[in-house]
Each structure stands twice: as structure tokens, then as C-alpha cells.
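The values are calculated or read from the model by the stated rules, or taken from the named source; none is laboratory data. Remember, predicted model here, so these are calculated numbers, not experimental data. All Cβ positions, glycine included, derive from the backbone under ideal geometry; neighbour counts span all protein chains shown. All accessible areas refer to the heavy atoms of the entire protein, side chains included, with ligands and DNA or RNA removed. Shrake-Rupley method; radii C 1.70, N 1.55, O 1.52, S 1.80 Å.
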Amino acid sequence: MDSTKGIRDEDLSVITSRTVGGAITCDDIKPENTARFFLGTTGVLTVAATTGLTETFTAADKGDGFQLGVTATEPTGARNLLNVVLSSGPVPTTYVLDVDYTLDAERGWVQLLESGSFVDGTDLDVAYDNAVSSRYQTISGEKEAEGALMFKACNPIGKNVDYRLPFVKLRPDGDLSLIGDDWTTVNFNIKALQK
């Protein structure tokens, strides 16, 4: 027998590894799903009413916008603002709402107007109170979602096939489009692993 023939035929193949997975496109943009997408956590943040709050923004310019109340425990800032006063200088110049600045009190956002009387490069002092507020807050992290996955089909026609994977990791896939003409979706890769 000639062992140097032109074509060598494979007579045995052994699987030494495999990767099993899938994908999910989710258009249910609730806090738990966005937290999974950002590998983070979510929860309800309740903030008590507070009075006499002040912040200074150094070297502000016309057109600048500011999120008030950003802290380590409240990284998305203050909400439901009351009694907001913007001023600057040692002998305070007080600015006028909708003339010098705009205010989104519900979200705690102040925007200096280009047409206002604020002088570029000046420190901006903001005094405000905030009412009681409660909202979901998602904080990004580094932990993949993992556990059992049960998929129950609900097809309008044809046979429904359900899947149960005893141990999977969900990994975010692609971009989260914040602005667009289509429904916002979050995409995940499913990696099925040995339990």
C-alpha cells in the first residue's frame, strides 16, 4: 500500500470542544434589562426633601448646561427642584429664568442661554431645594447575568418549541441606540455552559 498517495482521507473526527449559544433581541426597555446590558445593577432611589442646597460651577460659559445634585450615591443628580436661584459674583448678580437660563426642574438641569447676561468664565452659584423623589436608577458594573434560561415560544402559527438551558451567561451585544426612528432594543448573546 502506498502511504504517499495524493489525497489523504479522514477516517475519524472527535469533538474536543463546542460552543453553544444564541441571541436575544429585547424591546422591553425596563430597568432590569438595561442593567443587564450595562453589566450593572438597578434599584429604586428614594430621596428625602432637602432645603438650602448650593453648588458652584467654576468658569461657566453661555450655552453650558449643568446637572445639579450629582453625588456618589446619586450619580444621575437631583430631581424635583424648587426655589432655584442662579447668581454670580461677590456682590451677587441674580439671573432671570427664561431670560438668562432655562430650567428643567423635574430632572434637575440648568442651561445658560447664549442670549443671556451671564459673563463667560464667571463662577456660577446655584441655590435650590428639592422635593421628595423616587425613581429607578441603573448603575453600570462588570458582572454578567448568569443562571438558568427558560424560553417559552408563543408563535402565531406553527408549533411552539420551548428551550431550557440549565446554565448560561448573558452578554451585551452591539450598541444601545438612544435616538432613532425604530423601537429601542437591547441585544444579548447567550453562552450556554456546563452547570
Query raised in the report: LYS169: which lysines have alpha carbons under 25 Å from its alpha carbon, excluding same-chain residues fewer than 8 sequence positions away?
Result: LYS30, LYS143, LYS152, LYS191, LYS195
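Step by step: find N for the chain, compute 2.2 N^0.38 Å, then divide the Cα radius of gyration by it. What's the final number?
Values: Rg = 27.7 Å, N = 195, 2.2 N^0.38 = 16.3 Å.
Taking N as the residue count of the chain, the ratio is 1.69.
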Report summary line: On each of the three principal axes the extent of the alpha-carbon atoms of the stretch 106-192, given in whole Å and largest first, is 68, 30, 27
Query raised in the report: Any idea what the dipole of the chain comes to, in debye rounded to 20, about its Cα centre with Lys/Arg Cβ at +1 and Asp/Glu Cβ at -1?
Result: 1320
Query - Shape metrics for the stretch 48-158, restricted to C-alpha atoms - Rg then Dmax, Å - result: 20.6, 76
Requested in this report: Please work out the average accessible area per residue across the stretch 120-186, using the 1.4 Å probe convention, and give it in Å².
Outcome: 74
Report task. Considering the convex hull of the alpha carbon atoms of the stretch 83-148, report its projected area averaged over all viewing directions, in nm², one decimal. Result -> 8.0
Report summary line: Simple SL model, points at 7 angstrom along Cα→Cβ for ASN155 and THR19; separation in nm is 2.8
Requested in this report: Go through the stretch 35-44 residue by residue and turn each phi into a ³J(HN,Hα) via Karplus (6.51, -1.76, 1.60, θ = phi - 60°); whole Hz please, and just put x for glycine and proline.
Outcome: 5, 5, 5, 8, 6, x, 10, 9, x, 8
Report summary line: Taking 0.36 nm per residue of separation between THR184 and ASP104 and subtracting their Cα-Cα distance, the length gained on full extension comes to 26.4 nm
Query raised in the report: Given LEU53, PRO90, GLN137, which one lies farthest toward the positive end of the charge dipole of the stretch 1-148, if we put +1 on the Cβ of every Lys and Arg and -1 on the Cβ of every Asp and Glu?
Result: GLN137
Report task. State the percentage of accessible surface on the stretch 1-95 attributable to carbon and sulfur atoms; use a 1.4 Å probe and exclude ligands, DNA and RNA. Result -> 53
Report summary line: Under the 7 Å Cα-to-Cβ spin-label approximation, LEU12 and THR58 lie apart by a distance in nanometres of 7.3
Report task. Would you mind calculating the gained length between SER140 and SER177 on full extension (0.36 nm times residue separation, minus the Cα-Cα distance), in nm to one decimal? Result -> 11.7 nm
Report summary line: Highest GNM mean-square fluctuation among PHE66, PHE38, PHE151, for the chain with Cα springs under 10 Å, belongs to PHE151
